[in-house]
Amino acid sequence: MKSAVILYIPKGTTREIITQLQSQNYDVSKVDAYITRLFGFTQSGYIEMPSSTLSKGEFLYYLVKSKAATRKFTLIPGETSYFFLRDLASAYSFDEAKLELLYKLKFPYTDGVILANTYNLPYSTNEQNLIDILYNISMQEQKRLAIKLTGSYDEKKWFKVITKASIIQKEAANIKEMPIISGVIDNRIKIGMPLQMDGSLNYGKYSHIRVTPERIQTDKTTFNTYKYLGLPKEPSGSVSIDAIKAALNPSKVPYLYFMRNDKGTHDFSTTYQAHLSNVEKRQKTLDITDKAR
């Protein structure tokens, strides 16, 4: 028999559910209600059938045994809640402003709480329930990771680690660079040098916007690590486990500077003079590329 892969089962007795399916032109009868009861109690809500074509026996079995239908959403490393919430609102046809307000009321930080990962969320839900689910999953996982990686969990201290990890996430070209970037951050903080990292300014709605001199001059938040010493007051985006590990285990390097090279990775340097030399080298490469066009 044919079936929708995502099937909505109303609340009610097994007989009432079978009657409802009959009205939707499913080839089931009152006798099938008794057969279904042999498998257990029917679920309610959206369930996911394994196929759109099933034998009747399989169909009745999966009315009881199918898992609740879910939707998959992926929060990529470095992305902000500003865009993630808008993706959720679009998929569920929720009001963006309402979803964002509920998020702000529930979550302790604007970003960094929901880890970069793929989430299986209910197929059908409401704004408050969705925010509650994300909050519970996220805070439980943050606590689990903190205990696993540091031996204890103090929310304020832990999210300082996440804040550092969020900058590492945005600045590093790859996983290999993450501990080195972490070391550079520590080196700068140790000598009272501003971090001056563009990644911290790619927060919220600015996640995909190039950081310009004007932004650096006008942004008055603590995300502006050109103006304010040390780490921002909160994370600037989502983080991966690799970025967290790098934040906790920085490489012992002498570097204070780094810049992206023509290979897409970074050249690291200890002195400002060496850094300027790397900048000049990169600029020459760009000039040659422009002339070749």
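Quick test for you: out of 149, 102, pick the one residue that is under 30 Å from residue 266 (Cα atoms) and not basic (Lys, Arg).
Values: 102 fails: under 30 Å from residue 266 (Cα atoms).
On inspection, the qualifying residue turns out to be 149.
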For this session: Could you identify the single residue in 146, 116, 172 that is of a type in the set (A, V, I, L, M, F, W, C) and touching a Gly at 6+ places or on another chain (Cβ under 8 Å)?
Result: 116
Seminar exercise, completed: Over the stretch 35-62, the set of residues among the polar types (S, T, N, Q) and under 36 Å from the mean Cα position of the chain (by Cα) is 42, 43, 44, 51, 52, 53
Problem set entry | For residue 17: the one exception among (1) surrounded by 12 or more Cβ atoms within 10 Å (Cβ to Cβ); (2) at pLDDT below 90; (3) of a type outside the set (Gly, Ala, Ser) | (2)
Exercise. With respect to the numbered conditions (1) in contact with a helix residue (DSSP H, G or I) (Cβ under 8 Å, 6 or more places away or on another chain); (2) within 26 Å of residue 141 (Cβ to Cβ); (3) in a helix (DSSP H, G or I), which one is the sole condition not fulfilled by residue 215?
Worked result: (2)
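Could you list, in sequence order, all residues of the stretch 28-51 that are surrounded by fewer than 12 Cβ atoms within 10 Å (Cβ to Cβ) and either outside any helix (DSSP H, G or I) or in contact with a Pro (Cβ under 6 Å, 6 or more places away or on another chain) (or both)? If you could, list the steps in order and put the result at the bottom.
The initial filter retains those residues of the stretch 28-51 that are surrounded by fewer than 12 Cβ atoms within 10 Å (Cβ to Cβ), namely 30-31, 38, 41, 51.
Of everything in the stretch 28-51, those that are surrounded by fewer than 12 Cβ atoms within 10 Å (Cβ to Cβ) and either outside any helix (DSSP H, G or I) or in contact with a Pro (Cβ under 6 Å, 6 or more places away or on another chain) (or both) turn out to be 41, 51.
Within the stretch 63-79, can one find any residue that is under 14 Å from the mean Cα position of the chain (by Cα) and assigned to a helix (DSSP H, G or I)?
So the first thing to find is which residues in the stretch 63-79 are under 14 Å from the mean Cα position of the chain (by Cα), and the list is 72-79.
Next cut, assigned to a helix (DSSP H, G or I) only: none.
Scanning the stretch 63-79 turns up no residue that is under 14 Å from the mean Cα position of the chain (by Cα) and assigned to a helix (DSSP H, G or I).
Would you confirm, using the coordinates I've provided, whether residue 110 is under 29 Å from residue 243 (Cβ atoms), hydroxyl-bearing (Ser, Thr, Tyr) and assigned to a strand (DSSP E or B)? First the steps, then the outcome.
Numbers: under 29 Å from residue 243 (Cβ atoms): yes; hydroxyl-bearing (Ser, Thr, Tyr): yes; assigned to a strand (DSSP E or B): no.
No, not satisfied.
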Exercise. For the stretch 100-114, how many residues meet the condition of being surrounded by 15 or more Cβ atoms within 10 Å (Cβ to Cβ), of a type in the set (A, V, I, L, M) and more than 15 Å from residue 204 (Cα to Cα)?
Worked result: 1
For this session: Output the qualifying pairs, or none if there are none: Cβ atoms under 7 angstrom, residues six or more apart or on different chains, first residue in the stretch 32-59 and outside the structural domain of residue 18 (by TED's automatic domain parsing) and over 13 Å from residue 7 (Cα atoms), second residue of a type outside the set (Asp, Glu) and at pLDDT 90 or above.
Result: none
Problem set entry | Number of the exception - residue 276 against (1) in a loop (DSSP other than H, G, I, E, B); (2) surrounded by fewer than 15 Cβ atoms within 10 Å (Cβ to Cβ); (3) not hydroxyl-bearing (Ser, Thr, Tyr) | (1)
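The values are calculated or read from the model by the stated rules, or taken from the named source; none is laboratory data. All values derive from a computational prediction rather than experimental measurement. Quick reminder, even Gly has a Cβ in these numbers, built from the backbone with ideal geometry, and neighbours come from all protein chains shown.
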